[in-house]
Amino acid sequence: MTAQPELKYAPGDVLDVTVEKIVPGGHGLAFADGLTVFVDLPAVGDRVMARVREVKGKIAFADIVSIVEPSPSRIEPPCPYVGRCGGCNFQQMTYTAQLDAKLGILRDCLRRIGKLDYEGEIPIIPSPQEFTYRLRAQWHLDRGQNEIGYYARDSRELVAIAHCPILLPELDETLQRVRLEADWPSVWSDRGAVDAAVGDGESVSVDSSELGLKADEIILTAAGERYHFAADVFFQGNRFLIDTLIGVALGNASGDTALDLYCGVGLFTLPLARRFGRVTAVEEYGRAVGYTRKNVDAASLKNVEIVERSVGRFLAEHKRAEIDFALLDPPRSGTEKKTVLDLIRLRPKRVSYVSCDPSVLARDIRRFLDGGYAIDSIRALDLFPQTHHVETVVHLSLNHLASIS
């Protein structure tokens, strides 16, 4: 029997495919003859005509040209920039479908990257607001266009934005004001950025060296605590889930000693200090450390030690001592392997790992499991509606035999 020649695919080819599931990155997984196809802006069950834009071996990346049969979960995106702006890639799905997709992505990463067949329940907490929820944003500048907006998907091309539906109204108004008041002839760089955040009331902080804007300090109240911060430091973005995130991350933890690693401005430091006898908060970025000190002092907390140092260096130099609880909330890129291993070496009795990237989370949780820890619970929070991103909190505890090794 003569073997059939292998099909060759090239950019520009249009394929008739059906989306089977959503995978990490928010792509839709589909198949053609001898080809795995990742389709952007999908909904599970869509049958689409998709144009290939890139081929790598037996994998292709494609854009939808037309929808032959829409999925029951497909809706019309309310934002006119979907498909051009690189931000929201889930607006074409119902909110229920978004949550299902995020849990699927999380479980896929745990299984494929973490080699973990976790059969326990993973609840996901929805955002009370599907839109108008973000209290922080970064916008990009283009002096050639005299415009402000977001970058297009997978590029540095600016998509000028008149309004952004996921921003809190005060933040969207700030976008309009910054555009209107920008002195474009004096902007010293062809491209730049604007960081903005809102606090309690209508307080706004805006930071942009290119526009000559310096971030004002603002205050936000969450979980009964008052946090001083500004647009040039990190703070959680979903105004309506910060209290919940704090509660989930801390769980029922209490005791004598706690570590707050990558503490930022002290979001978890303050509530930890009310439950533990001593808290050590570690943060490398000096501006954030300054706000941590201010927040701790304003709360009249005397049991917090603040360490301005990289978490990796702190753990490498830290002598083993009894630690009841360690909470770590690393940046999206995660934490280095040695840093995780150094934390495991210190043998905290319980660990709370907060992550916004399921693939990085799965990698690091595997290291904890190999180091003698067991998973107590996994819970997801939808801090980022309309996108494929999902926040996850994993609680782990040290196995008894590992604790005495």
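Some notes on this structure:
- For region 271-306, the tally of residues that are in contact with a helix residue (DSSP H, G or I) (Cβ under 6 Å, 6 or more places away or on another chain) and either modelled with pLDDT under 95 or of a type in the set (A, V, I, L, M, F, W, C) (or both) stands at 7.
- Considered as a group, the residues in region 222-236 that are small (Gly, Ala, Ser) and crowded, with 22+ Cβ neighbours inside 10 Å include one that is nearest to Leu270 (Cα to Cα), and that residue is Ala230.
- Sole residue being open to solvent by less than 50 Å² (accessible area, probe 1.4 Å), among the charged types (D, E, K, R) and within 16 Å of the chain's Cα centre (by Cα), chosen from Asp342, Asp357: Asp357
- The residues in region 231-255 that are assigned to a loop (DSSP other than H, G, I, E, B), out of contact with any helix residue (DSSP H, G or I) (no Cβ under 9 Å at 6 or more places or on another chain) and of a type outside the set (A, V, I, L, M) can be counted, and the count is 6.
- The set of residues from region 309-338 being open to solvent by 50 Å² or more (accessible area, probe 1.4 Å) and in contact (Cβ under 8 Å) with a residue 40 or more places away in the chain comprises Ala321, Glu322, Pro331.
- Strands (runs of 3 or more DSSP E) completely within region 145-230 that count 1 or more residues being free of Cβ contacts under 8 Å to residues at least 60 places away in the same chain: 147-151, 158-160, 191-198, 204-207, 218-222
- Options Gly255, Gly290: the member that is surrounded by fewer than 21 Cβ atoms within 10 Å (Cβ to Cβ), small (Gly, Ala, Ser) and free of Cβ contacts under 8 Å to residues at least 12 places away in the same chain: Gly290
- Scanning region 375-389 for residues that are part of a strand (DSSP E or B) and closer than 16 Å to Gly247 by Cα yields a total of 6.
- Region 360-384, residues that are among the acidic types (Asp, Glu), open to solvent by 10 Å² or more (accessible area, probe 1.4 Å) and in contact with a helix residue (DSSP H, G or I) (Cβ under 6 Å, 6 or more places away or on another chain): none
- Test for Ser208: is it touching a Phe, Trp or Tyr at 6+ places or on another chain (Cβ under 9 Å), crowded, with 20+ Cβ neighbours inside 10 Å and closer than 18 Å to His389 by Cα: no
- Residue tally, condition in contact (Cβ under 8 Å) with a residue 24 or more places away in the chain, in a loop (DSSP other than H, G, I, E, B) and open to solvent by 40 Å² or more (accessible area, probe 1.4 Å), over region 46-57: 0
- Screening Ala60 with (1) open to solvent by 40 Å² or more (accessible area, probe 1.4 Å); (2) touching a Ser or Thr at 6+ places or on another chain (Cβ under 9 Å); (3) part of a strand (DSSP E or B); (4) not aromatic (Phe, Trp, Tyr) gives one miss only, at (1).
- Region 89-138: number of residues that are part of a loop (DSSP other than H, G, I, E, B), in contact (Cβ under 8 Å) with a residue 12 or more places away in the chain and open to solvent by 20 Å² or more (accessible area, probe 1.4 Å): 14
- Taken over region 10-40, residues that are open to solvent by 20 Å² or more (accessible area, probe 1.4 Å), of a type in the set (Gly, Ala, Ser) and either part of a strand (DSSP E or B) or in contact with a helix residue (DSSP H, G or I) (Cβ under 9 Å, 6 or more places away or on another chain) (or both) amount to 2.
- Checked against the criterion of being of a type in the set (Ser, Thr, Tyr), under 25 Å from the mean Cα position of the chain (by Cα) and under 25 Å from Arg287 (Cβ atoms), region 153-168 contains not a single residue that satisfies it.
The values are calculated or read from the model by the stated rules, or taken from the named source; none is laboratory data. Note that the coordinates shown come from a computational prediction; the quantities given were computed from them, not determined experimentally. Cβ coordinates were reconstructed from backbone atoms using ideal geometry, including for glycine residues, and neighbour counts include every protein chain displayed. Side chains included, ligands, DNA and RNA excluded: accessible areas come from the protein's heavy atoms. Shrake-Rupley method; radii C 1.70, N 1.55, O 1.52, S 1.80 Å.
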